[in-house]
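The values are calculated or read from the model by the stated rules, or taken from the named source; none is laboratory data. This is a predicted model, so every value here is computed, not measured. Ideal geometry is used to build each Cβ from the backbone, glycine not excepted, and the neighbour counts take in all protein chains shown. Areas reflect the complete protein model, heavy atoms only, side chains present, ligands, DNA and RNA absent. Shrake-Rupley method; radii C 1.70, N 1.55, O 1.52, S 1.80 Å.
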Amino acid sequence: MKTTITVNGQARALDVDPRTTLLDALREHLRLTGSKKGCDHGQCGACTVLVNGVRINSCLSLAVMHDGDQVTTIEGVGTVEKLSPLQQAFLTEDAFQCGYCTPGQICSALGMLQEVADNWPSQETADLTGKIRLTDDELRERMSGNICRCSAYPQIVAAIRSVAGDAA
Amino acid sequence: MSSVIDWENTPNPVKENRAGNIGKAVDRYEGPLKVTGTAPYAYEVEPPSPPAYGVLVSAPIAKGRITAVDIAAAQASPGVQLVWTYQNAPAQGPRPERYDFFTPSPRPALESDEVYYFGQQVAVVVADTLENAQAGAALVNLTFEDDAKAVTFHDHFAEAVQPPGESDVEIGDFEAAFAAAPVTVDDVWRTPLQNHCQMEPCATTAWWDGDQLTVHTSVQMVRVAQNSLAETLMMPHKSVRLLTRYVGGGFGGKGSFYEDLVLAALAARELGRPVKIALSRQQMMHGTVHRPATDLHVRLGATPDGKLTAMSLMTVTHCDRRGNFTEHASNFARNLYAAPNRLTGHRLIRLDLPVASAMRAPGEASGTLSLEVAMDELAEKLGMDPVELRILNEPPTDPETGKPFSIRQLVRCMREGAQLFGWDRRNPIPGRVRDGRWLVGLGMAAAIRGNFLLPAKASFTVDADGVITVKQGMTDIGTGTYTVLAQIAAETLGVPLADVRVEIGDSELPPAPGSGGQFGAATAGSAALDAGMNLRAAIAEIAVADPASPLFGGPSEDITFQDGVIAIANRSERLSDLIRRNRPEGLTAEGEVRPAADAGLWSSHTYGAHYVEVGVDTVTGEVRTRRMLGVFAAGRILNYKTARSQLTGGMIWGVGSALTEGNAVDPHYGSLINQDLASYLVPVQADIGELDAIMLDEVDDKANPMGIKGVGELGISGAGAAVANAIYNACGVRVRDYPITPDKLLAALMAKGL
Amino acid sequence: MRPFTYERATDAASAVKAAAETPNAKFLAGGTNLLDLMKLEIEHPAHLIDVGRLPMAAIEETPEGGLRIGAMATNSHVAADARVRAHYPVLTQAIVAGGSGQLRNKATTGGNLLQRTRCAYFYDTTKPCNKRAPGSGCGALEGLNRNSAIFGASHACIATHPSDMAVALTALGATVETLSPSGRARAFPIIELHRLPGETPDVETHLIAGELITAVVLPPPPDGGQVYRKVRDRASYAGGLASVAVVGANLALGAVAHKPWRAVDAEAALKAGASPAEAISRELEAASENGRNGFKIDVVSRLVPAAIAEARAQGRGA
């Protein structure tokens, strides 16, 4: 099926099997292999990308569902020559080891920070009607959809914190 | 043969650390690639032409055989190019009777109609697209005959035997001393089967160029995998090039390799095009190795003032029917505490389960979950502080062999940890501290893990730009290998870190054993240091013999290497200038390390202490880790940033072991109940509160030429026990059947009337 | 996945028509559960009708003073809605207790209600399962069934419904609105959406073929405190072992039955003046154990009074 998806700002015309997931379209068709396949079932978060600015698991979505959508992958966040502030923070804080979950963590964190800015609640939010304070517990809960088996969790919190500021 | 004495007495640039590269919290060498998603893992490597996609088919029974094969529908499925079962798979080298980690041998795939465990790979389908391969795989129609099977560990204790070639270790008369002890602990702890759950599933991309095979795969050990693959394919070793440059987690589970590697290579040969195969997450659970369950019987006897008189840890564990692996969960107890009468050993049961093998800190990870809790129980019985009990039983020399310790700072780890954590605020009476719906408790445990050194080689090349390239058939599975090799090279040759390149993960490079057993940094790094020293000598020789060099005629042993400049006193030139004049094509030196002949004269380990605060919701039985601190002594630290990450990662694994991780075997089907990451629960971000690891200053000059030791496995040792002890301190209940899930804790609370 | 055809629906009427006219067609909304199941060969529709972009994502006030939540509103948007947070906090709490941020951003209100059990034997196609393969038996009955139902199970199936959101909606007494292929719209209490397993656990709802959930309607904000509590093995990103939604005098339980479980006996007991502990023990008289799930009875008996106490404290403005 013919589908056009704007990926990292570029319109990409695809002709995909309806079965092709957004993740496999990115990895196998567009050769954007930064988004990772850790479980293929929405249970790890390694495939997290931003669709129209919102973080989702790209493994649990079909490419054909995204005709006309704006997708941002890790390749659109920054480059080796010009790391984004969050990428630099992950490097500085050693917020990864094997690196396989890292693109998903970074994309997830970008989406998460927008959700906080939009005052979306989490299960750590005690006052549902007030302004969200991004405490460490809020940050941890909101990043729990991204498993890191190397368990760089404290370092990931530190990296995101260094970009997000103190309990924004 | 090298000697510990030489290591201790010979200065080297790593020990001297003049430029300060050693120990520095340097960012990961390959980090920019990983944070931008541009480090290609095995399935992502671009082959020379578009690949076909393979998908494996797994057995739905635990034991039996394939009685009928119908692949017609799969073959006819759109895009399918190849379907293999045991009936039509290519001939491969014969399987040896038993495997071991370090010995290459054929590992044939789809070798027969026999099924030895649930999830064994029994077919492969290769198609033009991944979607077509997956659809084709679902159409492979195999008929199985189900045999009677033995899969439940606790029902087969009568079949437990001594592991081959082993015997129990008894010092003194344990039974008599235990019977006579005025204060005792006698309990059994159970640990479940666990899965590695590396984030990157095992995967291979393979292609051929004539008779030459290139495979990119995800393994921890390059040389043994490459040799084994060649032997499986019945090819000369030199015709196979195996690369594994980025590995998305290993933890022991990629110490071996799986059908993705063999079948991608064979299918690529058959089809004349590149083929890539990855295991699914579900296939990772059964189709790769796991940590086996253990049953840990601890008996401690002590005097009323707390001196251990008797200590025993006996482990019962299991491996697969054709297996060769024992979870040596009792071994660490041989080195930890003083007690004149001691008994340790293992019993092994062979079951019709998937393959058991090493998982992060094999032995210690399971075993400490018993003894380090038993020590907490003993301390309570004695009315002693758990830290003081451990310190009282600190052995002056190795408690079993009497050998001197190379260095042992366990007491300092415990003391400093206690102070930094605020251990004095712990109420020794359980159940007294409440915070809202949580009862709060503190717990601690000791950590110990062995220190190992294996033979390895490395090469260093300096080019005409003064850039040093380290080459080694080593892996970086997230451990920091790239980074510490770069630091060693920079320090050894006196060049800026930016002028070092590291090439690893390639079978064409000088062989190193790979990553495992926390021997990686010491082994690979020591070989690298030797290569660096040899390159220094080669450079010096050229410099003093080159009339165009300011160093000409000088004493070569006086040459210093600093900031890319070589100098004798005030005569100097840039290293790049010397190389450009004399070796424009570059200058290479090789190096190696071997275990010291006299290394066995010392008892050498890494140590640590964990402190943890948990909350227990006594209404629901839920436990949350609130804060945790580990203090560790593991020799010289090459990189405080990557070493800390290794340690904190291990600690979090310990939290998982204590609270959430475990797989159960369905008794009827012989399969693991948790087949994915939604049901096998590794810790997530919200499970981990404030957590840190601190490393003591230490040099273990007897460990290797650099005085370093490993940290990759130390962090998990004892961590789960500290959590269990904190739970007890919070609510007064002990659960000895891990993981301590709400159902078990609630039952124990209710049994106590809580 | 088996091959299928795909169409994107442009309006609800044509979507239900296509669903009725195309053999083995299914609606696709967020896809977070359906695609998961299709990859595992548990679901194999021949045709997918993507309803994800139908204009049914709005959350609007009803003339009665309640809220109509469009079926395509994502879980995240519902949880974040200011009116939901202010007047139906139990719904926000329940939604954010489920899945992960990424999943909630994709999952829809309608899809959440129709998600299928996470029973390990349902998820493993090598095992018998009357829900997945009617007549094949139930692997969980004598298996590792720690997370199975204590209410309303049958010998054919002991699976539980996994939704958190639906538990809150059940306690709130929400109404489900649907559109049938015939063009008929209907509305019914959420308690009438899901079925108990009986002899046909493969039939999970009372929806007819091709019927599309179009909205969920909340009644005017109820009196009394609201609390959602979920017990699980991991602090986040894990299914529940048991959960409870308290809305004033209404109680619903999660992860204990084939459907969100309205605890009517406990509610009646509370009304009659029983203590929360007595009330829930009245409810639990109908509970049954299946091997390894007996602890859920204990969890519920302890969790519910705690949650009621919390809700009552709110009600008093504490």
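Before moving on, here are some points about what is shown:
- Leading residue by the ranking (nearest to the other protein chains (Cβ to nearest Cβ)) among those in the stretch C:70-111 that are part of a loop (DSSP other than H, G, I, E, B) and open to solvent by 10 Å² or more (accessible area, probe 1.4 Å): C:Gly99
- The residues of the stretch B:672-704 that are assigned to a loop (DSSP other than H, G, I, E, B), in contact (Cβ under 8 Å) with a residue 24 or more places away in the chain and within 14 Å of chain C (Cβ to nearest Cβ), listed by number, are B:Asn674, B:Gln675, B:Asp676, B:Leu677, B:Tyr680, B:Leu681, B:Val682, B:Pro683, B:Ile688, B:Gly689.
- Flag for B:Leu578 being at pLDDT 95 or above, closer than 23 Å to B:Ala527 by Cβ and either within 41 Å of the chain's Cα centre (by Cα) or not aromatic (Phe, Trp, Tyr) (or both): no
- Lone qualifier among C:Ala166, C:Ala235, C:Ala215 - being surrounded by 18 or more Cβ atoms within 10 Å (Cβ to Cβ), within 14 Å of chain A (Cβ to nearest Cβ) and not basic (Lys, Arg): C:Ala235
- Scan of the stretch B:202-221 for residues that are open to solvent by less than 10 Å² (accessible area, probe 1.4 Å) and of a type in the set (S, T, N, Q), ordered by number: B:Thr204, B:Thr205, B:Thr217, B:Ser218, B:Gln220
- Filtering the stretch B:511-518 for residues that are touching a Phe, Trp or Tyr at 6+ places or on another chain (Cβ under 6 Å) and either of a type in the set (Lys, Arg) or surrounded by 22 or more Cβ atoms within 10 Å (Cβ to Cβ) (or both) leaves a non-empty set.
- Looking only at the stretch B:610-669, residues that are more than 8 Å from every other protein chain (Cβ to nearest Cβ) and among the hydroxyl-bearing types (Ser, Thr, Tyr) come to 5 in all.
- Any hit, the stretch B:647-656, residues being part of a loop (DSSP other than H, G, I, E, B) and at pLDDT 95 or above: no
- If the condition is being assigned to a strand (DSSP E or B) and open to solvent by 40 Å² or more (accessible area, probe 1.4 Å), then the stretch B:602-635 contributes B:Arg624, B:Arg626, B:Arg627.
- Members of the stretch B:222-245 found to be part of a loop (DSSP other than H, G, I, E, B) and either open to solvent by 10 Å² or more (accessible area, probe 1.4 Å) or farther than 16 Å from B:Ala42 by Cα (or both), listed by number: B:Leu233, B:Met234, B:Met235, B:Pro236, B:Arg245
- Some residue of the stretch B:252-272 being in a helix (DSSP H, G or I), buried (at least 24 other Cβ atoms within 10 Å of the Cβ) and within 14 Å of chain A (Cβ to nearest Cβ): yes
- Output for the stretch B:74-90, where each listed residue is open to solvent by 80 Å² or more (accessible area, probe 1.4 Å) and in a loop (DSSP other than H, G, I, E, B): B:Pro78, B:Gln87
- In the stretch A:35-60, the residues that are more than 7 Å from every other protein chain (Cβ to nearest Cβ), assigned to a strand (DSSP E or B) and without any contact (Cβ under 8 Å) to a residue 60 or more places away in the chain: A:Val49, A:Val51
- Pairing each residue of the stretch B:578-601 that is open to solvent by 90 Å² or more (accessible area, probe 1.4 Å) with any residue that is of a type in the set (Lys, Arg) and assigned to a strand (DSSP E or B), provided the two are 6+ apart or on different chains, yields C-beta distances under 8 Å for B:Glu590/B:Lys457.
- Near pairs, Cβ below 6 angstrom, 6+ apart or cross-chain, from the stretch B:68-83 (on the phi < 0 side of the Ramachandran plot) to any residue that is open to solvent by 60 Å² or more (accessible area, probe 1.4 Å) and assigned to a strand (DSSP E or B): B:Ala68/B:Thr143; B:Asp70/B:Asn141
- When residues in the stretch B:135-161 are screened for being open to solvent by 40 Å² or more (accessible area, probe 1.4 Å) and assigned to a helix (DSSP H, G or I), 5 of them pass.
- Residue that is nearest to C:Glu192 (Cα to Cα) [pool: residues in the stretch C:241-272 that are free of Cβ contacts under 8 Å to residues at least 40 places away in the same chain and either of a type in the set (D, E, K, R) or open to solvent by 10 Å² or more (accessible area, probe 1.4 Å) (or both)]: C:Val264
- Yes/no for C:Arg229 being under 22 Å from the mean Cα position of the chain (by Cα), modelled with pLDDT of 95 or more, closer than 27 Å to C:Thr117 by Cα and in a loop (DSSP other than H, G, I, E, B): no
- When restricted to residues that are in a loop (DSSP other than H, G, I, E, B) and at the interface with another protein chain (Cβ under 7 Å from one of its Cβ atoms), the stretch A:149-168 contains 4.
- Subset of the stretch C:3-27 [facing chain A (nearest Cβ under 8 Å) and in contact with a helix residue (DSSP H, G or I) (Cβ under 6 Å, 6 or more places away or on another chain)]: C:Tyr6
- Checking each residue in the stretch A:70-101 for being within 7 Å of chain B (Cβ to nearest Cβ), part of a helix (DSSP H, G or I) and in contact (Cβ under 8 Å) with a residue 40 or more places away in the chain picks out A:Ile74, A:Glu75, A:Phe90, A:Thr92.
- Only strands (runs of 3 or more DSSP E) whose full extent lies in the stretch B:453-508 are considered here, and the ones with at least 2 residues that are over 27 Å from the mean Cα position of the chain (by Cα) are B:456-462.
- Unmet requirement for B:Leu336, which otherwise passes all of (1) open to solvent by 20 Å² or more (accessible area, probe 1.4 Å); (2) out of contact with any Phe, Trp or Tyr (no Cβ under 7 Å at 6 or more places or on another chain): (1)
- B:Asn132 vs. criteria in contact (Cβ under 8 Å) with a residue 40 or more places away in the chain, touching a Pro at 6+ places or on another chain (Cβ under 6 Å) and either crowded, with 20+ Cβ neighbours inside 10 Å or within 30 Å of B:Leu82 (Cα to Cα) (or both): yes
- Among the numbered conditions (1) within 8 Å of chain A (Cβ to nearest Cβ); (2) within 29 Å of B:Gly79 (Cα to Cα); (3) of a type outside the set (S, T, N, Q); (4) buried (at least 17 other Cβ atoms within 10 Å of the Cβ), the only one that C:Leu34 does not meet is (1).
- Some residue of the stretch A:127-140 being open to solvent by 30 Å² or more (accessible area, probe 1.4 Å), among the polar types (S, T, N, Q), more than 12 Å from chain C (Cβ to nearest Cβ) and without any contact (Cβ under 8 Å) to a residue 60 or more places away in the chain: yes
- On the stretch given as the stretch C:56-69, residues that are over 26 Å from C:Thr10 (Cβ atoms) and open to solvent by 20 Å² or more (accessible area, probe 1.4 Å) total 4.
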